[in-house]
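Presented below is the structure to which this report refers.
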Amino acid sequence: MLSRLFAPKVRVSAHCDLPCGVYDPAQARIEAESVKAVQEKYQANEDADFRTRAVVIKEQRAELAKHHISVLWSDYFKPPHFEKYPQLHQLVNDALKAASAAKGSNDPATGQKLLDLIAEIDKIFWETKKA
């Protein structure tokens, strides 16, 4: 009798861990934009101290981009998304690898590649939000 009294009256389900609106590829994009900007500033400056600080900041931002991409992959995207977008697993993997490459490089081209891959994830993300 107590179990019926305290049983939920309404059952709900969601495709993500929290109500929608908490996940957004923009977080990864902002960090990746910082990576590329730091890479460009690094290339334009010969000061050793400046370059050392730039590398530290770039590596931190790249790691944050990886974190945000991973959160989307593990917490937001669900099996129906992977069925509809079979390239999504590879795309996320490529973006994570690109973030690692940008973390280890001062070439702005690596930052741009990361931004391009995040843009592809962003496109799929917003298509899933419409569904």
**OP:** Select from the range 31-79 the residues that are in contact with a Cys (Cβ under 9 Å, 6 or more places away or on another chain) and assigned to a helix (DSSP H, G or I) and list them in ascending order.
**Re:** ASP75, TYR76
Subject >> First in the range 103-122 and closer than 12 Å to LYS36 by Cα and polar (S, T, N, Q), second anywhere and modelled with pLDDT of 95 or more and open to solvent by 60 Å² or more (accessible area, probe 1.4 Å), Cβ under 7 Å, 6 or more apart >> reply: ASN106/GLN43
Original post:
Taking the stated definitions as given, is HIS68 closer than 23 Å to ILE121 by Cβ, modelled with pLDDT of 95 or more, out of contact with any Leu (no Cβ under 9 Å at 6 or more places or on another chain) and open to solvent by less than 80 Å² (accessible area, probe 1.4 Å)?
Top reply: yes
**OP:** Please go through the range 39-77 and pick out each residue that is of a type in the set (Val, Ile, Thr) and more than 20 Å from the chain's Cα centre (by Cα).
**Re:** THR52, VAL55
Subject >> Matching residues in the range 93-115 - criterion: being open to solvent by 30 Å² or more (accessible area, probe 1.4 Å) and not in a helix (DSSP H, G or I) >> reply: GLY104, ASN106, ASP107
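Answer yes if at least one residue in the range 79-92 is modelled with pLDDT of 95 or more, surrounded by 12 or more Cβ atoms within 10 Å (Cβ to Cβ), of a type in the set (S, T, N, Q) and at negative phi, and no otherwise.
To start, the set of residues in the range 79-92 that are modelled with pLDDT of 95 or more comprises 79-92.
This time we only want the ones that are surrounded by 12 or more Cβ atoms within 10 Å (Cβ to Cβ), so: 81-82, 84-85, 88-89, 91-92.
Filter once more, so that each one left must be of a type in the set (S, T, N, Q): none.
There is no residue in the range 79-92 that is modelled with pLDDT of 95 or more, surrounded by 12 or more Cβ atoms within 10 Å (Cβ to Cβ), of a type in the set (S, T, N, Q) and at negative phi.
Restricting attention to the range 25-65, which residues are open to solvent by 50 Å² or more (accessible area, probe 1.4 Å), acidic (Asp, Glu) and touching a residue at least 12 places away in the same chain (Cβ under 8 Å)? So that I can check it myself, show each step before the final result.
To start, the set of residues in the range 25-65 that are open to solvent by 50 Å² or more (accessible area, probe 1.4 Å) comprises 27, 29-30, 33, 40-41, 43-44, 46-53, 56-57, 59-61, 63-64.
Still in the list and also acidic (Asp, Glu): 33, 40, 46-47, 49, 59, 63.
Across the range 25-65, the qualifying residues are GLU33, GLU40, GLU59, GLU63.
The values are calculated or read from the model by the stated rules, or taken from the named source; none is laboratory data. These numbers come from a predicted model, not from an experiment. Ideal geometry is used to build each Cβ from the backbone, glycine not excepted, and the neighbour counts take in all protein chains shown. Keep in mind that these areas ignore ligands, DNA and RNA; they rest on the heavy atoms of the full protein, side chains included. Shrake-Rupley method; radii C 1.70, N 1.55, O 1.52, S 1.80 Å.
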